[in-house]
Each structure stands twice: as structure tokens, then as C-alpha cells.
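Let me begin by presenting the structure, written as C-alpha cells, before commenting on it.
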Amino acid sequence: MARKIAIVNQKGGVGKTTTSVNLGAYLARAGHRVLLIDLDPQANATSGLGIEHQKLTQGIYEVLISPTTLRDIIVPTPIENFDLAPATLALAGASVELVPLERREYLLRENMAERDGAYDYILIDSPPSLGLLTINGLVAADEVLVPVQSEYYSLEGLGQLMETIELVKDNLHPELKMLGVVLTMYDPRFRLSEAVLEELYKFFPSSQIFRSVIPRNVRLAEAPSYGQTILHYDPRSSGAKAYKKLAHEIHHRAS
């Protein structure tokens with residue numbers, strides 16, 4: 001069975017999609033079969049992997065609201081062993097359309113079941129909200145990975161996020177586990193980055209904070225505009241080395 005990891009933070013701009021795409025790339029490069037599910041209506045993970053979502057006729061939206069299956073929509077990425085369940089513009093209306101549906105929180109989980117044995121890892125890139133799409137991602141996952149930007153305001157929403165995760169565990173998915181927190185956009189030149197890291201150690205057990213820290217790196221920011229992961233765009237950059245280390249650390253951390 002695949003390890004299913006939801007990458008979640010209700011704040012935008014914290015490196016959630018960057019982490020999803022590049023973590024998937026390095027897990028695939030290590031020989032693992034990886035599926036990335038783009039659950040964000042902005043479809044940044046889809047475009048960041050070089051796939052033009054505007055030209056797609058179907059995506060994860062159709063899987064959630066129609067008889068379409070994951071098998072029907074999965075597309076290969078330029079990286080061997082790395083597949084994508086893309087998002088399209090239609091996904092923007094899903095949060096409203098899901099409301100009247102039965103078992104609306106379980107739709108992604110039930111649709112993922114038929115592909116469980118086809119992959120070693122299924123990563124879920126969640127939208128920057130705590131709505132029904134994110135809830136679907138949490139219910140479908142085994143583990144939660146939280147990217148946290150090394151800025152003060154990024155800490156403010158963590159309490160609400162953890163409450164939501166606990167509510168999902170209590171009411172929908174008791175087996176859901178916290179995989180850990182990864183600090184992103186870290187710049188050791190600024191004291192604030194060190195302060196945020198210190199606060200994380202107060203908020204989470206040290207076992208839940210990854211030693212891999214993602215630096216603030218221009219090459220990481222540039223790569224999506226070329227439809228590439230950092231693995232292809234600049235594998236020698238500090239950002240590439242950090243995501244390679246994170247992939248290794250996650251693979252060797254028991255779920």
C-alpha cells in the first residue's frame with residue numbers, strides 16, 4: 001500500500017506546492033513510484049510540472065463529482081516514476097458543489113482506493129484553506145506534512161490548523177498521523193528565521209520537526225515558471241539539496 005501524505009497549511013505562500021512538487025520529484029528519483037494529486041484550484045502543482053491545465057478536459061474535479069476515476073485522469077510527468085492527478089479551473093467550484101453530496105468528506109479517499117497498490121507514495125497538495133477540499137485531502141491521507149514559512153505571521157494559524165487536524169481525527173479519520181513540520185524559506189542571515197524555528201520547537205515535539213530546512217532560494221522560485229522541478233532546473237542549488245535531503249528523511253521516518 002502507498003504511503004499517503006497530505007501537505008497542508010491554510011496560509012498561502014508558505015511553500016506547500018513547492019514542497020509537494022519537489023518532494024515528489026526526489027522520491028521518484030530515488031526509485032519510488034509517486035502520484036501527486038493537485039487538490040488546489042489554482043493548479044500550481046500542475047503547471048509547475050509543465051502541464052497546461054487550461055488544455056485539459058478533465059482533472060481531479062471530475063473524479064470528485066462524477067463517475068470519472070483517478071485512472072482516467074492521471075498523466076505522466078517528465079520525471080520517471082512520477083505521475084500527476086491534475087487540477088483544472090473547474091475545481092474552483094468544487095467546495096460549493098460538494099456540500100450536498102453524501103459522504104462528501106470521503107470522496108477522494110474512496111476514489112484513491114483503486115490506485116493504492118500502484119504507487120509507493122501518494123502526495124496530496126492541498127489548497128490554502130481549511131474547506132472541504134482540504135478536509136478531503138486529510139481524510140484520504142495517512143499522514144500530514146505541514147510546511148511553515150520562516151516568518152512570524154506563519155505561526156499564527158498553526159493552532160487553528162492543528163485543531164482542524166484533531167477534529168478530522170476525532171470525527172472522520174482516527175488513524176491520521178502527524179508526519180511532521182518542515183521549515184521553508186529559511187534565511188540564516190535573519191534573526192527572525194531562527195526565532196521561528198525556536199517557536200516551532202515550543203509548539204511541536206522535536207521528533208515532529210524535520211532536520212531538513214528549505215532555504216529561501218531564487219532557483220526554487222524560478223523553476224515553476226519553466227514548468228520544471230528543481231531536480232531538473234538546478235540540481236546543484238541549495239534548494240535542490242534541501243529537498244533531496246527531505247525526501248530521504250521522510251522515506252526513513254516510520255509512518
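The values are calculated or read from the model by the stated rules, or taken from the named source; none is laboratory data. Values in this document were obtained by computation on a predicted structure and should not be read as measured data. Heads up, the Cβs are rebuilt from the backbone with ideal geometry, glycines too, and the neighbour counts pull from every protein chain shown.
See the values below:
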quantity: Count of segment 96-121 residues which are under 19 Å from residue 58 (Cβ atoms) and crowded, with 17+ Cβ neighbours inside 10 Å; calculated: 6
quantity: Which listed residue, of 136, 111, is touching a Phe, Trp or Tyr at 6+ places or on another chain (Cβ under 9 Å) and of a type outside the set (Val, Ile, Thr); calculated: 136
quantity: Every pair of residues 6+ apart whose Cβ atoms lie under 7 Å, when the first sits in segment 158-179 and is closer than 13 Å to residue 146 by Cα and at pLDDT 95 or above while the second is part of a loop (DSSP other than H, G, I, E, B) and small (Gly, Ala, Ser); calculated: 177/255
quantity: Residues of segment 1-21 that turn out to be in contact with a Leu (Cβ under 8 Å, 6 or more places away or on another chain) and either without any contact (Cβ under 8 Å) to a residue 40 or more places away in the chain or assigned to a helix (DSSP H, G or I) (or both), as a count; calculated: 4
quantity: Residue match in segment 8-16 (condition: more than 28 Å from residue 210 (Cα to Cα), at pLDDT below 95 and of a type outside the set (S, T, N, Q)); calculated: no
quantity: Test: residue in segment 185-197 that is surrounded by 15 or more Cβ atoms within 10 Å (Cβ to Cβ), touching an Asp or Glu at 6+ places or on another chain (Cβ under 6 Å) and touching a residue at least 24 places away in the same chain (Cβ under 8 Å); calculated: yes
quantity: Residues satisfying the stated conditions in segment 22-43, i.e. crowded, with 24+ Cβ neighbours inside 10 Å and in a helix (DSSP H, G or I); calculated: 22, 23, 24, 25, 26, 27, 28
